[in-house]
Amino acid sequence: MPKLNIDGTDYEFENGTPLIEACGQVGIEIPRFCYHERLSIAGNCRMCLIEVVGGPPKPQASCAMTVNDLRPGKDNAPPQIKTNSPMVQNARHGVMEFLLINHPLDCPICDQGGECDLQDQAMGYGIDSSRFIENKRAVEEKFLGPLVKTVMTRCIQCTRCVRFMTEVAGVEEMGAISRGEDMEIVGTIEKGLTSELSANIIDLCPVGALTSKPTAFHARSWEFRKTESIDVNDALGANIRVDARGNEVVRVLPRVNDAINEEWISDKTRYVVDGLKTQRLDKPYIRENGKLRPGSWDEALKLVAAKLKAAGGGRTGAIAGDLAGVEEMFALKDLFARLGSTNVDCRQDGARLDPSLGRASYLFSSGIAAIEDADALLIIGSNPRLEAPVLNARVRKRWLRGGFTVSVILENADLTYPVQYLGANAEGLAAAAVQAFAGKQKPMMIIGGSALARADGAAILAAAAKVALTAGVVKDGWNGFNVLHTAASRVGGLDIGFVPGAGGRDVAAMLNGGVDVLYLLGADEIDLSRTGKAFVVYQGTHGDAGAHRADVILPGAAYTEKFATYVNTEGRPQMTSRAVFPPGDAKEDWAILRALSAEAGQTLPYDNLSELRAALYVKFPHLAALGTVAAHGSLDALAHLGGAINREPLRATIADFYLTNPIARASRTMADCSRARLGAVEPAHATVQRLPTYQSVGSTG
């Protein structure tokens, strides 16, 4: 490994390490504006200058040089650099002075104030006066859509936003025009940015040129109460930080986790939180004479308990929604088992997944980070750009390195990287795999909800498993068989067996008259018009489809309002943290079920969350190992399942990325994004489930 002398001390580094990173590894901070470790090198800002001893008589950009680029000194001594010499200090003062020539002095009204790299580095590396008296330039604002607010007069042309949109998001919608002082960063289309990851450029911007439009002027950064948590808007489990002011969640920012989301989050993850304030269920409701009226907790729980006992175990059923945590699903399953019912299901989309076949049959077995090690990918019935945008960015990252092919069995979709479409019929899956994986050492396949939520979903999954075992997708040291879920609750529900037991009914059977009492744990993505005369209990957070149909509504807590476990698509348990309290009389979901069990005469044996988790971990110990992935097991049982595959084409399951759950459908920001994407035409289902729901159910939001 090459050696380098930094400020008089010798160190060793890996080949190809940029000098700016090498200094950081030994605890020496090098200021920078344009450099970012996940983007290509630009060398625009010249703020990261260092002195190379024995080199050119001028400072060098440390971002554009590696430890291998420096010549050894006399007697083969390690090359030497200085990071704080008079030459470096003068260079930094000069660069900062130039950057501030045209930068407006509007820190008091800038949303970036308190979190601004330019502000921090001007204090740390600048000087206290400027020699320039010319007028500052002004730049016209740009329209980048409903999420990103621009104040382009502040822009220092670091091009981080341009590089992110081109390289990571894969949507070339930003660029630079003109030269010199007239240079401007612009959007290349007038309709705004179309990437599902576009708002990450707000985090990347080192000044206040790009800020958050939905949360502009809500609060200063130091006023927020910051809580580390997990995103539940898809099954990826991105690590996030929830910033709250008072009892209101104002914004969500990403946390770095290289194994899952690196440091990116989707626009829905970031901006869905305004939906937490509107259409909220904040008190129990009881339907009388066709209309919902407010009720007390005691009255609502007694009514539900009476209905459950009257119907008997065989005629009651429960469906868990996409945002349910493991703890409440465990408590609900426990309660229904005590009532004598095996009619429970967490697969509200009808996915043909069977946990009895082992975890390997329903997990993203390779792990998300292993995408970067694959040399071929076959996607079956999935559009990862809409189902998991951050995962899709990881696929694009691997494609940019070269030596990587992507084949797709699905209707055509823009995935931000070139793909080979092999038709939309899963019947020829085996032949498609042979074509996609020929000569590959680490092939990978991703099976999505479009393939699983069909009558022949189990047959498709079994055929894919058989191909995986014969085509080298699963072998010693490599498991590329991956199921990509769209619901945050799905893997956790499958892990604890929240599926029909012996003689139990699944979602379709329960909806088609199979039960007299139907308990919905936040289940809104199903056709409730088929429930007939069944007594429907809805426990959830928003006045969405489930609340419209419900005979009794029990208000629960959203993911930012409770401590709950979620297992992501790769089988990694993670936990949300409470950032704010539920509104009004709403309660945490497990507590509602504990109170209901007492009314029903089947008291659950845990009085607090710690006792519930202790019982959960006894039965499912792998859920206690937060942040780790337990062993997956074998695919043999799934591969031998067999079944016939029909010729119906595979179609994407997500029609509108921005309106996929009750929180998103209550969000004005998500509605704006949906209209912008669809050319200002709001989808019909969005209009049905917005203000009329709020008015009929009641809310404090």
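The values are calculated or read from the model by the stated rules, or taken from the named source; none is laboratory data. Quantities reported herein were computed from a predicted structural model and do not represent experimental measurements. Here the Cβ positions follow ideal geometry from the backbone for every residue, glycine too, while neighbour counts run over all protein chains shown. Only protein heavy atoms, including side chains, enter the accessible area calculation; ligands, DNA and RNA are left aside. Shrake-Rupley method; radii C 1.70, N 1.55, O 1.52, S 1.80 Å.
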Handout entry: Residue check, Gly340 in a loop (DSSP other than H, G, I, E, B), open to solvent by 30 Å² or more (accessible area, probe 1.4 Å) and closer than 30 Å to Thr194 by Cβ
Key = no
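Which residue, of Ala305, Ala311, is aliphatic (A, V, I, L, M), out of contact with any Cys (no Cβ under 6 Å at 6 or more places or on another chain) and either open to solvent by 30 Å² or more (accessible area, probe 1.4 Å) or within 19 Å of Arg549 (Cβ to Cβ) (or both)?
Every option except Ala311 fails the conditions.
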Exercise for the section: Output the residues belonging to segment 31-58 that are part of a loop (DSSP other than H, G, I, E, B), open to solvent by less than 40 Å² (accessible area, probe 1.4 Å) and touching a strand residue (DSSP E or B) at 6+ places or on another chain (Cβ under 7 Å). Expected result: Gly43, Cys48
Problem - Contacts under 9 angstrom Cβ, first residue in segment 172-194 being free of Cβ contacts under 8 Å to residues at least 24 places away in the same chain, partner assigned to a strand (DSSP E or B) and charged (D, E, K, R), 6 or more apart - result: Ala176/Glu184; Ile177/Glu184; Ser178/Glu184
Completion exercise
Exactly one of Gly522, Gly503 is open to solvent by 10 Å² or more (accessible area, probe 1.4 Å), at pLDDT below 95, farther than 30 Å from Ala369 by Cα and small (Gly, Ala, Ser), and that residue is Gly503
Practice task
Could you list all residues from segment 381-424 that are in contact with a Pro (Cβ under 6 Å, 6 or more places away or on another chain), more than 25 Å from Ala455 (Cβ to Cβ) and of a type in the set (A, V, I, L, M, F, W, C)?
Solution key: Leu391
Completion exercise
Here the residues within segment 72-90 that are over 45 Å from the mean Cα position of the chain (by Cα) and assigned to a loop (DSSP other than H, G, I, E, B) are Pro72, Gly73, Ala77
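Quick test for you: out of Val408, Val390, Val395, pick the one residue that is buried (at least 18 other Cβ atoms within 10 Å of the Cβ) and part of a strand (DSSP E or B). Lay out the reasoning, then the answer.
Numbers: Val390 fails: part of a strand (DSSP E or B); Val395 fails: part of a strand (DSSP E or B).
Testing whether each residue is buried (at least 18 other Cβ atoms within 10 Å of the Cβ) and part of a strand (DSSP E or B) leaves just Val408.
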Fill in the blank from the handout: Looking across segment 566-593 at residues that are touching an Asp or Glu at 6+ places or on another chain (Cβ under 7 Å) and in a helix (DSSP H, G or I), the single one that is nearest to Leu521 (Cα to Cα) is Asp589
Practice task
Could you tell me whether any residue of segment 623-633 is closer than 22 Å to Gly522 by Cβ and either surrounded by 19 or more Cβ atoms within 10 Å (Cβ to Cβ) or among the charged types (D, E, K, R) (or both)?
Solution key: yes
Practice task
Could you check Asn200 against (1) closer than 25 Å to Arg668 by Cβ; (2) in contact (Cβ under 8 Å) with a residue 12 or more places away in the chain; (3) open to solvent by 10 Å² or more (accessible area, probe 1.4 Å) and say which number it fails?
Solution key: (3)
Exercise for the section: Could you tell me whether any residue of segment 375-385 is under 24 Å from Trp264 (Cα atoms), in contact with an Asp or Glu (Cβ under 7 Å, 6 or more places away or on another chain) and of a type in the set (D, E, K, R)? Expected result: yes
Problem - Failed item, numbered, when Arg385 is tested on (1) closer than 22 Å to Ala471 by Cβ; (2) open to solvent by 10 Å² or more (accessible area, probe 1.4 Å) - result: (1)
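From the list Val207, Val250, which one is assigned to a loop (DSSP other than H, G, I, E, B), within 18 Å of Leu147 (Cα to Cα) and over 16 Å from the mean Cα position of the chain (by Cα)?
Working: Val250 fails: assigned to a loop (DSSP other than H, G, I, E, B).
After ruling out the rest, the residue left standing is Val207.
Residues are listed down the side, and each one gets a yes or a no for (1) β-branched (Val, Ile, Thr); (2) in contact (Cβ under 8 Å) with a residue 60 or more places away in the chain:
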position	(1), (2)
Leu386	no, yes
Ala393	no, yes
Arg398	no, no
Val406	yes, no
Asp456	no, yes
Gly477	no, no
Phe481	no, yes
Thr486	yes, yes
Gly493	no, yes
Exercise for the section: Answer with yes or no whether Ala462 is surrounded by fewer than 24 Cβ atoms within 10 Å (Cβ to Cβ), touching a Leu at 6+ places or on another chain (Cβ under 7 Å), at pLDDT 95 or above and over 30 Å from Gly313 (Cα atoms). Expected result: yes
Exercise for the section: Quick one: count up the residues across segment 204-240 that are within 19 Å of Lys562 (Cβ to Cβ) and surrounded by fewer than 16 Cβ atoms within 10 Å (Cβ to Cβ). Expected result: 3
Completion exercise
When segment 225-272 is checked residue by residue, the ones that are closer than 21 Å to Pro582 by Cβ and touching a Gly at 6+ places or on another chain (Cβ under 9 Å) are Arg225, Ile230, Asp231, Val232
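Hey, among the residues in segment 177-197 that are outside any loop (DSSP other than H, G, I, E, B), exposed (fewer than 13 other Cβ atoms within 10 Å of the Cβ) and not acidic (Asp, Glu), which one's nearest to the chain's Cα centre (by Cα)? Explain how you work it out, then say what you get.
In the first step, residues of segment 177-197 are kept if they are outside any loop (DSSP other than H, G, I, E, B); the result is 177, 180-182, 184-187.
Still in the list and also exposed (fewer than 13 other Cβ atoms within 10 Å of the Cβ): 177, 180-182.
Now narrow it down to the ones that are not acidic (Asp, Glu): 177, 180.
Values: Ile177: 33, Gly180: 39 Å.
The selected residue is Ile177.
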Practice task
Would you be able to tell me the number of residues in segment 412-446 that are touching a Lys or Arg at 6+ places or on another chain (Cβ under 6 Å) and either in a helix (DSSP H, G or I) or of a type in the set (S, T, N, Q) (or both)?
Solution key: 3
Exercise for the section: Would you check if Ala664 is under 30 Å from Gly275 (Cβ atoms), under 29 Å from the mean Cα position of the chain (by Cα) and without any contact (Cβ under 8 Å) to a residue 40 or more places away in the chain? Expected result: no
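Please enumerate the residues belonging to segment 596-613 that are within 27 Å of Glu248 (Cα to Cα) and either part of a helix (DSSP H, G or I) or in contact (Cβ under 8 Å) with a residue 60 or more places away in the chain (or both). Spell out the reasoning first.
Looking only at segment 596-613, we keep the residues that are within 27 Å of Glu248 (Cα to Cα), and these are 608-610.
If the condition is that a residue be within 27 Å of Glu248 (Cα to Cα) and either part of a helix (DSSP H, G or I) or in contact (Cβ under 8 Å) with a residue 60 or more places away in the chain (or both), then Leu609, Ser610 are the ones that fit.
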Practice task
Would you be able to say whether some residue in segment 477-487 is surrounded by fewer than 24 Cβ atoms within 10 Å (Cβ to Cβ) and not aromatic (Phe, Trp, Tyr)?
Solution key: yes
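Yes or no, residue by residue, for (1) open to solvent by less than 30 Å² (accessible area, probe 1.4 Å); (2) in contact with a Pro (Cβ under 7 Å, 6 or more places away or on another chain); (3) under 30 Å from Val390 (Cα atoms):
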site: Gly126; (1), (2), (3): yes, no, no
site: Arg131; (1), (2), (3): no, no, no
site: Ala138; (1), (2), (3): no, no, no
site: Pro146; (1), (2), (3): no, no, yes
site: Lys149; (1), (2), (3): no, no, yes
site: Cys155; (1), (2), (3): yes, no, yes
site: Met165; (1), (2), (3): yes, no, yes
Handout entry: Filtered residue count, segment 9-47, keeping only those that are in contact (Cβ under 8 Å) with a residue 40 or more places away in the chain and at positive phi
Key = 2
Completion exercise
Checked against (1) closer than 26 Å to Arg160 by Cα; (2) modelled with pLDDT under 95, Val53 satisfies every condition except (1)
